[in-house]
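Student: I'd like to ask some things about the structure below.
Every number in this text was worked out from the coordinates using simple rules, so none of it is lab data. Just so it is clear, the model here is predicted, and its values are computed rather than measured. Here the Cβ is made from the backbone with ideal geometry for all residues, glycine too, and neighbour counts use every protein chain on show.
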């Protein structure tokens, strides 16, 4: 008969117990990092678009947006009933969207046109948007242009929409109000 070493468990069992403990420690670290990532991912998203809750459908004819840390007004909205993220751009003549977004929305593309953008010249395709909604403000038949090379995550809300609303900036807030016909 073999004698067991003093100190409790047989040697094979002690190694298995230690390995199980290491796995639990590793799992705890993964859970901790996952929690930290989730927290900062949501925090970063709120810094990019501080208006996520502010533009939900509501009654009334105006919406107030908070400027983000980069100085832009970013807000959720909809084109033809499909949700998109807008960046308000008074320097854009029309609403501008990526070809990827245009295809996803099922837009009919018209003639090709040459565009002058902040990033140089590009080719775009004219299109019309049946409905564009930002908070409670909805405008129909809005001119737009679809182009390659744009970020598919953001639609530039240009003057073809903005000229049909009143807007005023005070500090870090921009208030848009539907123009009554």
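Student: Among 164-170, 134-140, how do they line up from the highest to the lowest mean number of other beta-carbon atoms within 10 Å?
Tutor: 134-140, 164-170
Student: Which percent of Cα pairs goes in each bin when the distances of segment 62-178 are cut into 10 angstrom slices starting at zero?
Tutor: It works out to 14, 50, 30, 6, 0, in whole percents.
Student: Tell me the relative contact order for segment 62-178 as a rounded percent, counting alpha carbon contacts under 8 Å between residues six or more apart.
Tutor: Relative contact order here is 35 percent.
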